[in-house]
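Here's the structure we're looking at; comments come further down.
The values are calculated or read from the model by the stated rules, or taken from the named source; none is laboratory data. The shown structure was predicted, so the numbers you read here are calculated from the model rather than taken from an experiment. Every residue, glycine as well, gets a Cβ built from its backbone with ideal geometry; the counts of neighbours run over all protein chains shown.
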Amino acid sequence: MFESVLVANRGEIARRVVRTVRRMGLRAVAVYSEADADLPFVREADEAFLLGPAAPARSYLDVARVLEACRATGAQAVHPGYGFLAENAAFARAVIDAGLGWIGPAPEAMERMGDKINARNLMEAAGVPVAAGTREPVTSEAEALAAAERIGYPVMVKTAGGGGGIGMGVAHDAAGLAKAFATAARAAERFGGEGGDAARGPAILLERYVARARHVEVQILGLADGTVVALGERDCSVQRRHQKVVEESPSPGVSAELRERMLAAAVRAGEAVDYQGAGTVECLVDTEAQEFVFLEMNTRLQVEHPVTELVTGVDLVEQQVLVAAGEPATVPAAPRGRAVESRGHAIEFRVYAEDPKRFFPGPGKIDVWEEPAGPGIRLDSGYVAGNTVTPFYDPLMAKLCVHGADREEALERAREAVAAFRVEGPKNNLPFFVELLENAEFVSGDYDTGLVGRMRA
C-alpha cells in the first residue's frame with residue numbers, strides 16, 4: 001500500500017479525495033494554483049505544493065510541474081480526480097514511468113475508450129448494443145451529409161474525442177447538419193482535436209438521435225484480480241447544454257429486466273479492455289422501447305459518484321486506491337457481476353455559480369455560505385464563506401446529495417436541503433432546483449433529457 005497520495009486536482013473533488021486518503025491512514029498531498037491558495041482542500045491536505053499561476057495550462061495541466069510536486073513532496077501515487085488530466089493517457093504513462101502509482105485504469109484502456117468511434121466499434125464487437133452511426137471518423141461536411149442520409153435524420157453530431165457535451169448538437173435536416181458539424185469541428189479544434197487528422201480535418205461522430213431518451217450510466221469497478229463488477233446505475237437525464245446538473249440512483253425510468261441487461265453489458269464493456277479501477281459506461285435509453293445503446297465510457301471517477309456511494313455504502317475512492325496498490329477490494333462480488341444491491345434512493349444536485357435561468361457562469365466572492373445538514377444529507381463542497389469563485393475554472397461549487405428509503409423520501413429531503421442551503425455573492429442555481437423539485441414531470445420520475453429545455457421554453 002502507498003504511504004502518500006498526491007491529488008492532481010482542485011476544489012470539491014480534491015477535498016473529497018483528500019478526505020478518504022487521510023481516513024485510510026495515508027498522507028494526502030494537494031497541488032494548487034495561485035488562484036486557489038485559500039480554498040479548503042489546500043489546508044485540509046497534509047502537505048500542499050504550489051503549481052503556478054491561475055491559468056490551467058500553467059498549473060493543473062502542467063505535467064512536468066505535477067511530477068515535480070510528486071518528487072518534492074515524496075508522494076508515491078497520483079489520484080487525478082476528474083477533468084484536467086484525469087483521462088490523459090500520456091499523463092498516466094508519465095506517472096508510471098516516474099515510478100509512481102497511478103490511481104486509474106491502464107493508459108491503454110484510456111486510449112481505447114477515449115475515442116468515441118473506436119470505443120463504439122470495440123463495444124459492438126464485445127456484444128454491447130450501439131446506435132446506428134458512423135464507424136469511421138467523419139472529417140468533412142460532405143461526408144457528414146452522406147452519413148446522415150444513410151443513418152436517417154435526426155442525428156446527433158459530436159466530436160470523436162473529448163467529453164462533457166462540448167460541441168454536441170442535434171441535426172433534423174441537411175441545413176441543421178451543416179451548422180452542427182461546424183460547431184463540433186470548432187470544438188474539436190479548440191479542445192485538441194482528439195482523433196482528428198490535421199490534413200483531413202476534425203474527427204466527428206454521427207449517431208441516430210432518440211428524441212425521448214434518458215441518459216443512464218452504469219458504475220463499474222475493475223478489481224486487481226481482473227474481475228469487473230457493476231455497482232448499479234445512475235440516471236443523468238436532467239441536463240442543460242448536454243451537461244448534467246442532477247443525477248439519481250436507481251433510475252426511475254429503468255425496469256428491473258432492463259437494469260440487469262445494462263449491468264451485464266457494462267461488465268462486458270469493462271472486460272473488453274481489461275479495465276481496472278472505477279469507470280462508467282454511459283448509455284442512452286429509449287424509454288418507450290425499454291432498450292439501450294452504448295454512448296461512451298469514462299475512464300475515471302465521475303462527478304456524480306456520490307449517489308452510487310450513498311445507495312451501496314461503497315467508498316469508490318477507497319476502492320480506487322486499493323486496486324491501484326494491488327490490494328483486494330472490499331466490495332463483495334455477486335452473481336452476474338453485480339457487486340451489491342442498492343439501498344434506498346439517492347439524488348445529487350450540482351450547485352454551480354451560474355444564473356439559474358440561462359445557466360451562464362456568474363463567479364464572485366462568497367459572502368454567505370450556510371450548508372444544510374440532517375439525516376440523509378451529504379455535501380461535497382469546494383468552498384466556504386470568504387472564498388472566491390474565479391472565472392478560471394469550472395463554476396461547480398458543491399454537490400448537494402440526499403439519500404432516503406425511497407424516491408419520495410429522497411425528494412422531500414432534497415426540498416428541505418435546497419431550501420436550507422444559503423449562498424450569497426456569486427450567482428447560483430439553487431433557485432432552479434427549487435423549481436425542478438416542484439416540476440410534475442421530474443417528480444413523477446417520467447422525464448428525459450429534454451426536461452430542462454421544456455422548463456425554459
Any residue in region 240-249 that is assigned by TED's automatic domain parsing to the domain that holds Leu295, within 30 Å of Gly326 (Cα to Cα) and either modelled with pLDDT of 95 or more or buried (at least 22 other Cβ atoms within 10 Å of the Cβ) (or both)?
yes
For region 315-343, which residues satisfy the criterion of being modelled with pLDDT of 95 or more, part of a loop (DSSP other than H, G, I, E, B) and surrounded by 18 or more Cβ atoms within 10 Å (Cβ to Cβ)?
Asp315
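Among the residues of region 374-412, write down those that are part of a helix (DSSP H, G or I) and within 24 Å of the chain's Cα centre (by Cα).
Across region 374-412, the qualifying residues are Arg407, Ala410, Leu411.
For every residue, the table says whether it meets (1) modelled with pLDDT under 90; (2) among the small types (Gly, Ala, Ser).
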site: Thr139; (1), (2): no, no
site: Leu145; (1), (2): no, no
site: Pro154; (1), (2): no, no
site: Ala160; (1), (2): yes, yes
site: Gly164; (1), (2): yes, yes
site: Leu177; (1), (2): no, no
site: Phe181; (1), (2): no, no
site: Gly195; (1), (2): yes, yes
site: Arg200; (1), (2): yes, no
Does Val418 meet the test of being part of a helix (DSSP H, G or I), closer than 15 Å to Lys244 by Cα and in contact (Cβ under 8 Å) with a residue 60 or more places away in the chain?
no
Identify the residue in region 210-239 that is at pLDDT below 95, surrounded by fewer than 20 Cβ atoms within 10 Å (Cβ to Cβ) and not basic (Lys, Arg) and, among all such residues, is nearest to Glu149 (Cα to Cα).
Ala211
Of all residues in region 266-294 being surrounded by fewer than 16 Cβ atoms within 10 Å (Cβ to Cβ), of a type in the set (Asp, Glu) and not in a strand (DSSP E or B), the one that is modelled with the highest pLDDT:
Asp274
Please enumerate the residues belonging to region 136-178 that are surrounded by 14 or more Cβ atoms within 10 Å (Cβ to Cβ), closer than 30 Å to Leu85 by Cβ and not aliphatic (A, V, I, L, M).
Pro137, Thr139, Lys158, Thr159, Gly161, Gly162, Gly163, Gly164, Gly165, Gly167, Gly169
Any pair with Cβ under 6 angstrom, 6 or more apart, that starts in region 354-381 at a residue that is farther than 15 Å from Gly425 by Cβ and ends at one that is among the acidic types (Asp, Glu) and surrounded by fewer than 17 Cβ atoms within 10 Å (Cβ to Cβ)
Leu379/Glu371
State yes or no: is Arg259 more than 11 Å from the chain's Cα centre (by Cα), surrounded by 19 or more Cβ atoms within 10 Å (Cβ to Cβ) and either in a loop (DSSP other than H, G, I, E, B) or charged (D, E, K, R) (or both)?
yes
Considering region 122-165 alone, what residues qualify as being closer than 19 Å to Val285 by Cα and part of a helix (DSSP H, G or I)?
Met123, Glu124, Ile151
Is there a residue in region 11-27 that is free of Cβ contacts under 8 Å to residues at least 60 places away in the same chain, small (Gly, Ala, Ser) and touching a Phe, Trp or Tyr at 6+ places or on another chain (Cβ under 9 Å)?
no
Would you point out the residue of region 352-372, among those that are over 23 Å from the mean Cα position of the chain (by Cα), in a strand (DSSP E or B) and not aromatic (Phe, Trp, Tyr), that is nearest to Asn387 (Cα to Cα)?
Lys365
Note on region 71-82: residues more than 10 Å from Leu6 (Cα to Cα) and either more than 17 Å from the chain's Cα centre (by Cα) or at pLDDT below 95 (or both) are Arg71, Ala72
Test Arg214 against the criterion of being at positive phi and among the charged types (D, E, K, R), and give yes or no.
no
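Conditions (1) more than 18 Å from Thr390 (Cβ to Cβ); (2) surrounded by 19 or more Cβ atoms within 10 Å (Cβ to Cβ); (3) without any contact (Cβ under 8 Å) to a residue 60 or more places away in the chain; (4) assigned by TED's automatic domain parsing to the domain that holds Gly11, marked per residue:
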{"site": "Arg43", "(1), (2), (3), (4)": "no, no, yes, yes"}
{"site": "Leu50", "(1), (2), (3), (4)": "no, no, yes, yes"}
{"site": "Ala55", "(1), (2), (3), (4)": "no, no, no, yes"}
{"site": "Arg58", "(1), (2), (3), (4)": "no, no, yes, yes"}
{"site": "Val66", "(1), (2), (3), (4)": "yes, yes, no, yes"}
{"site": "Ala69", "(1), (2), (3), (4)": "yes, yes, no, yes"}
{"site": "Val78", "(1), (2), (3), (4)": "yes, yes, no, yes"}
{"site": "Gly83", "(1), (2), (3), (4)": "no, yes, no, yes"}
{"site": "Ala90", "(1), (2), (3), (4)": "yes, no, yes, yes"}
